[in-house]
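Below is one structure; the comments refer to it alone.
The values are calculated or read from the model by the stated rules, or taken from the named source; none is laboratory data. All of these numbers come straight from a predicted model, not from anything done at the bench. Note that we place each Cβ from the backbone using ideal geometry, even for glycine, and neighbour counts take in every protein chain shown. For the accessible areas, the whole protein counts, side chains as well, though only heavy atoms, and no ligand, DNA or RNA atoms are used. Shrake-Rupley method; radii C 1.70, N 1.55, O 1.52, S 1.80 Å.
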Amino acid sequence: MPRSAAPGFAPSSAHVRVFPVGLVHLALALGGFAIGTTEYATMSLLPFFSGGLGVDEPTAGHVISAYALGVVIGAPLLAVAASRFSRRTVLIALMLLFALGNGLSAVAPDYRSMLVFRFVSGLPHGAYFGIASLVAASLVPHGKRTQAVARVMLGLTVATIVGVPLANALGQIFGWRWGFGIVAIIAAVTAAAIALVAPHDVPDRAASPLAELRVLRDRRIWLTLAIGAIGYGGLFSVYTYLASTLLDVTHVSKVIVPLVLAVFGLGMTLGNLIVPRFADRALMPTAGALLVWSAVMLGLYSLAAGSLWTITLAVFAIGLGGGLGTVLQTRLMDLAKEGQGLAAALNHSAFNFANGLGPFAGGLAITAGFGWEATGWVGSLLALAGLAIWSVAWKSDSG
């Protein structure tokens, strides 16, 4: 398939320079790297900016919630609003908005301003990943779509290994504001890179906000979103309380905690490299297999928490199950013929729901006195609940 005739893109000019597909994917992944860095690094910078803004840590935690709220609201709204515009133009605008939100976060004068700026920062998150996934998939043959989507998501997983420690280190050495400032810089560079290498596509004149919204009438869309919203919650149940588990149950030194977190990120990265190769051959069976894998590994995590070596292996295995997000992204793109932008963006609203559900459910188990390691059992139950929803979705496909 010639690059100039990539499906989903009508070239706006015969004289526009065409860049290699891999370079386009790299530019799109850079945006994922920026998003992943700020999403996870904010948690690690919490003790620093809480003092800087003059509030206690529990209150400062609302800043993280404000970002998540921005993701949930922004994903569908911006995806629908952008339906009649060039995807290339929309991606550039989303990254510039993301750069603005993080830049303002870096200079926030007080707590209330920070809440607003983090909300603004979260608005482009879901829409960017959704539209970037569509662009990435449109540049490759049909049988390699999930691998293309995974390359975009790879930016987010690599951020957990490189970007988060970098932002945290900058925040500790030069002040917490630099943790947000570096993300703003990366986002601006991403916008420039997309402007340089992304294909010049012509907006679909048949597209409209109403057409995007029609996809919500398909129950298979809702079932797929529910798989991610519930089944993925188990991963966040463990990740949120992993540091506390390592310190209070495994009894490791504080310097070991970032290393184990990096192992988790490594597992997610490898999962996003390996899983899509199977998903492009059998999409739904791969999703089901990942949920079974996650349920088992999350259960083993509770048993492995007493030893550094066993908990590290369990964390790595749980991270491998993170490839579920990429698989569900491709399924939503397949199901939504006329509203792919909205469906793809809603995937990230669903995962932010999981990001809230997992820690909430895990916290209930801890408060009830079951211990930090109980988050693994909670996660396993959530993965099994996701598997139950998957089985209903599977029957809907065959019916």
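Structure notes:
- Part-to-part distance (alpha-carbon centres) for segment 331-399 and segment 231-287, which is given in Å: 15
- When you restrict to C-alpha pairs under 8 Å that are six or more residues apart and normalise by the size of the chain, the relative contact order lands at 25 percent.
- Debye, to nearest 20: dipole size of the chain, +1 on Lys, Arg Cβ, -1 on Asp, Glu Cβ: 1020
- Given charges at Cβ of Lys, Arg, Asp, Glu: the chain dipole, positive-most of S244, L46, L123: L123
- The lysines within cross-link reach of K395, meaning a Cα-to-Cα straight distance under 30 Å and a gap of 8 or more places when in the same chain, are K144, K337.
- Take 85-91, 117-123, 49-55 and order them by the average number of nearby Cβ atoms within 10 Å per residue, most first; the result is 117-123, 85-91, 49-55.
- Rounded, prolate or oblate (a/c below 1.5 giving rounded, otherwise prolate when a/b exceeds b/c) for segment 134-267 by Cα gyration tensor: oblate
- Rounded to the nearest 500, the helix-only mean residue ellipticity at 222 nm of the chain stands at -25500 deg cm²/dmol, with each DSSP H run of n ≥ 4 adding -39,500 (n - 2.57).
- Rg over Rh [alpha-carbon atoms, Kirkwood Rh] for segment 248-399: 1.00
- Per the Debye calculation on the chain with a single equal scatterer at every Cα and no solvent contribution, log₁₀ I(q)/I(0) for q = 0.06, 0.08, 0.11 Å⁻¹ amounts to -0.22, -0.39, -0.75.
- Overall form of segment 60-181 per C-alpha gyration tensor (a/c, 1.5; a/b vs b/c): oblate
- Distance between the pseudo-spin-label points of D397 and T367 (7 Å out from Cα toward the beta carbon): 3.8 nm.
- Heavy atoms of D334: accessible area, 1.4 Å probe, square angstrom to 10: 50
- Note: relative contact order over segment 268-399, using C-alpha pairs below 8 Å and six or more positions apart, is 34 percent.
- Ordering of 148-155, 219-226 by burial proxy (mean other Cβ atoms within 10 Å per residue, highest first): 148-155, 219-226
- Each Cα pair under 8 Å and six or more residues apart adds its sequence gap; the mean of these over the residue count of segment 312-382 is a relative contact order of 18 percent.
- Full-extension gain in nm, I173 to S244, via 0.36 nm per residue minus C-alpha separation: 23.2 nm
- Phi to ³J(HN,Hα) by Karplus 6.51 cos²θ - 1.76 cosθ + 1.60 over segment 102-117, Hz, x for Gly, Pro: 6, x, 5, 4, 5, 10, 4, x, 7, 4, 5, 5, 4, 4, 5, 5
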